[in-house]
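**Student:** Dumping the structure here so I can ask a few things about it.
The values are calculated or read from the model by the stated rules, or taken from the named source; none is laboratory data. Source: prediction; values computed, not measured. Here the Cβ is made from the backbone with ideal geometry for all residues, glycine too, and neighbour counts use every protein chain on show. The area values use the complete protein model at the heavy-atom level, side chains included, leaving out ligands, DNA and RNA. Shrake-Rupley method; radii C 1.70, N 1.55, O 1.52, S 1.80 Å.
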Amino acid sequence: MVSAKFEVYRFDPAKDAAPHYDQYSLEMAAHTPVLTALLRIRSEVDPSLTLRYSCRSAICGSCAMQVNSKSRLACETQVGPEMERNGRIVVEPMRNQAVLRDLVVDQEPFWRQYDKIQPHLILDPRHPMPEGKENPMTPAQVERFHETPRCIACAACFSACPAVEADPGFPGPMALAKLYRFVVDPRDQAHQARLLAIQPGGLWTCLRCHLCTEACPKDVRPSERIRDLKEMAIRVQGATENGSRHAVGFKENIRERGVLSEAKLVRQTSGIAGMVGQLGQGVRIYRKKPEILKSPHPIEGLDEVRKIYAALDHPEGDPP
Amino acid sequence: MKMAYYPGCVAQESGKELDMATRWVCRNLGIELVEFPNFSCCGSGFIDEANEVLNVALNARNLAIAERAGLDLLTICSTCQGMLSLANLRYTDPKVKARVDGALKPIGIEYRGTTKVKHLLQVLVQDVGLPAIKAKVRRPLQGLKVGAFYGCHLLRPADELNWESAEEPHSFEDLLAALGATPVYYRGRVMCCGFPIQFVKPETASRIAGHQIDDAKAHGADAMATPCPLCHISLDAYQNQAAKAVGHSLDMPVFHLPQVVGLALGASPEELGLPRHLVPTEAALGKIGTRAPA
C-alpha cells in the first residue's frame, strides 16, 4: 500500500475565475491505475470531479491526461511509480486543447487536423477495384505501416507537441502518422496528391524532437513516420518548401566539404531575399562570432565522403 | 582516459567557445582528446530527412574511424550524439547494413558496429564521476540557480540513446549540484529549443525557444546551461528573436555545459569563451563572485 497524494487541476468556467488544484490523500495499492484512483476520489470525496474515460483497458484512448507533466493514459499509469518519481501525483488536463471542465478538454482542434488529412482510402475512379473481389496486400506491403494502425487517437502526442503549442496550424503528430499510413497503403491512389497537399505549413514544422514518440502509449513512433514522409515528399516534389530546401541544402552543403558551411546554408534555405531579411541578426551574431562567414577547410578523406554520396544519393533511389 | 574527439561542425565554427571550454575541462580532468581531421558532419538530422541511408553510411564511416583507432567517441553536441547513436542502431538492421556496406566496402571501410558513442555529460557523470569532479572544484557556483536544458537528441528516442531516463533525467542537475550550483527543475528542460526550424519557420522556432526560457525563469533560474551548441544558438544567439516572439524581454544568460564545469574548476571567463555570447553573462558571474569578461 502507498499513501498517494494527489493534486488535481480543477476548473469550471461557469463558476471559476481561474483554475485551482484540489488535494486528496488516499491509501491504495501501488499498482492502482491513476484512473481508478480518480474514480475513487469522485465516488468517495467529490462527485463534481469531471473526467473523460471509457474502457479502462488502454484501448479506447479516452482518458489521456497529464500525470506529473507527462501526457499519459490514466488507466495504464500506476500510482506507485508516479509517487516514487515525483513524491506526489499532479493530474492536469492535456495541453494544446482548451479546458471544458476539470480534466476534460475540447478535442475539436485535434479532430479537425485529423479530418484535414482525409483519413480514408482515396480511389481513382479510372482504376476501380475489381468487382466482387477483395483488394489483397502482401505481408511486405502491410509491414510498411504495421505501427500506425495501432493508434487509438488518444491525443497524447498532440498534447506533448511543442510545434502544436507554438503553431496551431500544424497538423500534429497523430494526423501526420495517419497520413503516412495512407501514403504507403498500396490500395490508396492519392499518394502524390497527399504529399503535395501536406507540405505548405504542415510537414516541415515538425521539430523531430521525438516528444510524440515518447508520449505515445501504443509505440506508433509518429516522429519517425514524419521523417519518412519528409523523405518521400522530397522525392515527389523536390526542394520546394523552406523545410525541404533546408534538408536538401544541408545534404549538398556537406557533400562539398564534409563539414558545414554555416552562412552558405542560410543562403541555400532562404535565398538571397531571405538573407537580406536576416541581415540585422546576421550582423549581430557576426560581431561576436566572425566565423559564421568563413568557409571551413574541407575534411581529410573528402573523396571517401563523395564516393558514399555517389553510391547512395540518387534521386530515383529506393523509396524509404 | 583517451577518447576520439568528435567536436561537430558548430563547435568548430560559430560555437567555437564550446570547443575552447571542452578542451580546458578535458585537460583539467585528465581526458585525452584524440583528433581525427577526417571526421565528417553528423548530418544534424537534416541529411536523415533528405536521405536516411546516406545519413547512416556517412556516420558509419565516422564510427569506423574511431573503431580502427580502438577508441570510444566523445561528442559535445546533443544532435551529434543522437545522429551517431541512430546510425549505430539502424546499422543493426540487415537491410540497411547491406546498403551501407555496399557503399563503404568499395572504398576500403569496414565497420563492425563496436564504437560506443558518449556525450561529454555522460562521460563526466558516469566515467570521471561526480566525486572526482567535486574534489577539483575551486570556485563553487554557490548561489547560482541554473536550469539545465538537455536538448532532444541527447535523450530521445529513449530506446536509441538509452543512457539516462528520457522522461526524468537527472545527470545534468546532479553535475550542477556537484559544482555547487542550485539546479532548477522545470518542464521545459527536456523540451525542444526550436532550432531545427529556425530557418524554416523562424517565428515558430523563436516562440518555442521563448517558452522554454520563460519556463526556466518562472522556476527561478538565474542562468541556463546546455550540452548542445544548436540549443545554444536558439537560446543565446537568437534570444532577442525569442523575446520578440513572446513579447517581453528574457535576459537569460546561457552557458555551454563545459563552461559551467570550467567556471567551477577555476577557468577564467576568457578561457571559456564567455565574451563570445550574445546575451551577457555578467549578472550570473557576479553571483559567484567572478569578474565580468573583458
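**Student:** Carbon and sulfur: what percent of segment B:114-239's accessible surface (1.4 Å probe)? Write down the numbers at each step before the final one.
**Tutor:** Values: 1960 of 3840 Å².
It is 51 percent, rounded to a whole number.
**Student:** Students sometimes get this wrong: rank A:Asp16, A:Asp102, A:Asp303 by accessible area, probe 1.4 Å, all chains present, largest first.
**Tutor:** So the residues, ranked largest to smallest area, are A:Asp303, A:Asp16, A:Asp102.
**Student:** Using alpha carbon centroids, what distance separates segment B:98-140 and segment A:245-314, in Å?
**Tutor:** Using only Cα atoms, the two centres lie 26 Å from each other.
**Student:** When chain B is treated as a GNM, springs tying every alpha-carbon pair under 10 Å, which of B:Val254, B:Val56, B:Val125 comes out with the largest mean-square fluctuation?
**Tutor:** For chain B, modelled as a Gaussian network with Cα springs under 10 Å, the answer is B:Val125.
**Student:** Same structure again: For the protein assembly as shown, build the charge dipole from Cβ charges (+1 Lys, Arg; -1 Asp, Glu) around the Cα centre, then report which of B:Ala209, B:Asn240, B:Leu58 sits farthest towards its positive end.
**Tutor:** Of the options given, the answer is B:Asn240.
**Student:** Same structure, new question: Just subtract the alpha-carbon distance of B:Asp127 and B:Asp159 from 0.36 nm times their residue separation and send over the number in nm, one decimal.
**Tutor:** Numbers: separation 32, 0.36 × 32 = 11.52 nm, distance 2.12 nm.
Value of the extension gain: 9.4 nm.
**Student:** For the pair A:Lys307 and B:Thr92, what calculated FRET efficiency results from E = 1/(1 + (r/R0)^6), where r is the Cβ-Cβ distance and R0 = 25 Å, to the nearest 0.05?
**Tutor:** With R0 = 25 Å, the Cβ-Cβ based efficiency is 0.60.
**Student:** With all protein chains present, how much of the accessible area of segment A:108-237 (probe radius 1.4 Å) comes from carbon and sulfur, to the nearest whole percent? If you can, show how the numbers build up before the last one.
**Tutor:** Working: 3020 of 5550 Å².
C and S fraction of accessible area: 55 percent.
**Student:** How high is the FRET efficiency from A:Val142 to B:Leu33, r the C-beta distance, R0 35 Å, rounded to 0.05?
**Tutor:** 0.10
**Student:** Let me ask you something else. Can you give the FRET efficiency for A:Gln189 and A:Ala98, using 1/(1 + (r/R0)^6), R0 = 51 Å, r = Cβ-Cβ distance, to the nearest 0.05?
**Tutor:** 0.85
**Student:** While we're looking at this one, here's another question. At 1.4 Å probe size, with every protein chain present, just tell me what the per residue accessible area of segment B:196-269 comes to in Å².
**Tutor:** Per-residue accessible area for segment B:196-269 comes out at 24 Å².
**Student:** Where in segment B:194-231 does the label zone of A:Lys288 land, with the point 7 angstrom along Cα→C-beta and an amide N cut-off under 15 Å?
**Tutor:** B:223-226, B:229-231, by backbone N distance to the label point.
**Student:** Given the pairs A:Lys70/B:Lys244; A:Lys307/B:Lys97; A:Lys178/B:Lys97; A:Lys288/B:Lys201; A:Lys178/B:Lys201, which span a C-alpha to C-alpha distance of over 26 angstrom in this model? Mind showing how you got there, number by number?
**Tutor:** On the way: A:Lys70/B:Lys244 28 Å; A:Lys307/B:Lys97 17 Å; A:Lys178/B:Lys97 28 Å; A:Lys288/B:Lys201 24 Å; A:Lys178/B:Lys201 23 Å.
Where the Cα-Cα span goes over 26 Å, the pairs concerned are A:Lys70/B:Lys244; A:Lys178/B:Lys97.
**Student:** Let me ask another. Under a 1.4 Å probe, what is the accessible area of chain A per residue, stated in Å²?
**Tutor:** Spelled out: the 1.4 Å probe surface of chain A, per residue, equals 46 Å².
**Student:** Identify which of B:Ala69, B:Ala242, B:Ala87 has the largest mean-square fluctuation in a Gaussian network model of chain B, with springs joining Cα atoms closer than 10 Å.
**Tutor:** Among B:Ala69, B:Ala242, B:Ala87, the largest mean-square fluctuation in the Gaussian network model of chain B belongs to B:Ala69.
**Student:** Suppose we keep just the DSSP beta bridges with both residues in the protein assembly as shown; what percent of those would be antiparallel, to 5?
**Tutor:** Antiparallel bridges: around 45 percent, rounded to the nearest 5.
**Student:** In square nanometres, what is the average projected area of the Cα convex hull of segment A:2-105?
**Tutor:** Numbers: hull surface 24.7 nm².
The orientation-averaged projected area of the Cα hull of segment A:2-105 comes to 6.2 nm².
**Student:** Same structure, new question: Report Rg (one decimal) and Dmax (nearest whole number) for segment B:209-293, counting Cα atoms only, units Å.
**Tutor:** Considering segment B:209-293 through its Cα atoms, Rg and Dmax are 12.4, 37 Å.
**Student:** Quick one: in the protein assembly as shown, what % of C-alpha pairs are over 36 Å apart?
**Tutor:** Details: 73575 of 188191 pairs.
Counting every Cα pair in the protein assembly as shown, those more than 36 Å apart make up 39 percent.
**Student:** Can you work out the PRE-style zone for A:Ser54? Point 7 Å along Cα to Cβ, and I want the residues of segment A:207-233 with backbone N under 19 Å.
**Tutor:** So the set is A:217-218.
**Student:** Using alpha-carbon pairs under 8 Å, 6+ residues apart, how would you state the relative contact order of segment A:2-105 in percent?
**Tutor:** 34
**Student:** Still on this structure: Over chain A, with a Gaussian network built from C-alpha contacts below 10 Å, which listed residue (A:Pro200, A:Pro298, A:Pro168) shows the highest mean-square fluctuation?
**Tutor:** A:Pro298
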